[in-house]
1. Within the range 305-358, count every residue that is among the hydroxyl-bearing types (Ser, Thr, Tyr), buried (at least 20 other Cβ atoms within 10 Å of the Cβ) and not in a strand (DSSP E or B).
2. Tell me whether the range 186-198 contains one or more residues that are modelled with pLDDT under 95, in the same structural domain as Thr256 (by TED's automatic domain parsing) and either surrounded by 18 or more Cβ atoms within 10 Å (Cβ to Cβ) or within 16 Å of the ligand (Cβ to nearest atom) (or both).
3. With at pLDDT 95 or above and over 13 Å from Arg110 (Cβ atoms) as the only criterion, which of Ile351, Ile377 stands out?
4. Tell me, yes or no, whether the range 287-294 has at least one residue that is more than 20 Å from Asn337 (Cα to Cα), crowded, with 21+ Cβ neighbours inside 10 Å and hydroxyl-bearing (Ser, Thr, Tyr).
5. Considering only the range 91-107, state which residues are buried (at least 24 other Cβ atoms within 10 Å of the Cβ) and in contact with a helix residue (DSSP H, G or I) (Cβ under 7 Å, 6 or more places away or on another chain).
6. Suppose we filter the range 344-379 for residues that are charged (D, E, K, R) and farther than 22 Å from Asp188 by Cβ; how many remain?
7. If a residue must be more than 21 Å from Asn166 (Cα to Cα), buried (at least 22 other Cβ atoms within 10 Å of the Cβ) and of a type in the set (Gly, Ala, Ser), how many such residues does the range 233-256 contain?
8. Of all residues being among the hydrophobic types (A, V, I, L, M, F, W, C) and surrounded by fewer than 17 Cβ atoms within 10 Å (Cβ to Cβ) in the range 68-90, which is nearest to Asn144 (Cα to Cα)? Just the residue, please.
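The values are calculated or read from the model by the stated rules, or taken from the named source; none is laboratory data. Every value quoted in this text rests on a predicted model; they were computed, and no experiment measured them. Don't worry about glycine lacking a Cβ; one is built from the backbone with ideal geometry, like all the others, and counts go over all protein chains shown.
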Amino acid sequence: MTVAWRQLSGDAKVYYDVVDHGVDLSAYGHQKRVTKRNRHLKLNTCFSHLDRLQPDTKYFFLIADGDSVSRRYYFKTAPAKPKDFTFIAGGDTKSSNQPSAYAHGRRSNRMVAKLRPLFVLFVGDFTSNSEKAERWVEWFNDWNEDTCSVDGRMYPIIPVHGNHENPNGLMDLKNLFDTPESVYYTIDFCGDFLRVFVLNTELSAKMMNVKISGMDQKWKAQTKWLKKTLKKSGHFQFRAAMYHKPLRPHTKGKHTPEQVYRDWAPLFAKYKLSLSFDGDSHMHKITYPLVPDPQGEDGFRRDDKCGTMYIGEGSWGASPRRADALRGWTMAHGSFNQFKLIHAKQDRFLIYTVMTDNEAEVGSLQEGQEFEFPQGIKLFDTPGKGIAIPYPFSE
Ligand SMILES: [Fe+2]
């Protein structure tokens, strides 16, 4: 687990244990110094990498320096063997200079605290203007305050690079979340149950419509890595991908990234990618399982047995756009603020679309209730399909 924070002055350590010692620093069995730090945007971001953790275990921790001690937080590690869990996937938040979208984003944040997922897949676009340090400070403050449950539980975030992270030399995620520099990597859950491919659509100069030296090589290197790593991932029961720009946006006026479609969609099909999470368009969509087909509608055809289910498209907070670019293979769509809550069972996923507008009226789950639904929650009801969309899919 990587613990990250902004250190204002002096030096701090993380104190942690499987037993809750509250704010009694001396009682914690383990402590770890800062293992990495940087001055990106002059934020003095610190990381402490906690390793050799036990699987499926609660770790209580706090951060302390000579002047102060943080609140006592805790996180849960993932199981090492197949075991049911839940996670959240979504993206696209805005900063306080866009008050309505910003307020919606904070509602979605608070819903995380109420649902207690094992982790959050965030598919990019964190701030309105990422070149400004204060926008990032605001985002992290909100995330810390809003998504943390009342009992101090925090939820690990797995971040994707969005187009709003393109300023600052494309270095925000490396420096603020400690991702690999080009922001593509894999993360595995529950032994051989699930491998998530975190990808970076913004490495395509064609996508960005700009000339940046070395971008073509970076794009090619990523696609080569994706192919090689997918090839070696056949032993996982399920494979998922997450990235920012949808291969086929479901709102008119959004650019269709042909290079991404051409390079990635055949690999997704060949190596049987189960689920794909995207953002950017600010709306809700779930497709039927799809494989690329030049003869199919807009380059895809439905294949319930072998296809990838495409899930998006990023209205965590950003103002919803119209869902007006629908295809025959679009299963569900809508224009509202939302994220996906996924119940990962041993042999399947159940995908729920959580409409986050009425967050203030929604109750909270307690520890151990992760597969229940809090009172007042609004789940999108897909006509003819209901609130739970299963993968593997069958009618
Ligand atoms: Fe975007």
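1. 1
2. no
3. Every option except Ile351 fails the conditions.
4. Yes, the conditions are met somewhere in the range 287-294.
5. Answer for the range 91-107, where residues must be buried (at least 24 other Cβ atoms within 10 Å of the Cβ) and in contact with a helix residue (DSSP H, G or I) (Cβ under 7 Å, 6 or more places away or on another chain): Thr93, Lys94.
6. Residues in the range 344-379 being charged (D, E, K, R) and farther than 22 Å from Asp188 by Cβ: 6 in total.
7. The number of residues fulfilling the criteria is 1.
8. By that ranking, first place goes to Val69.
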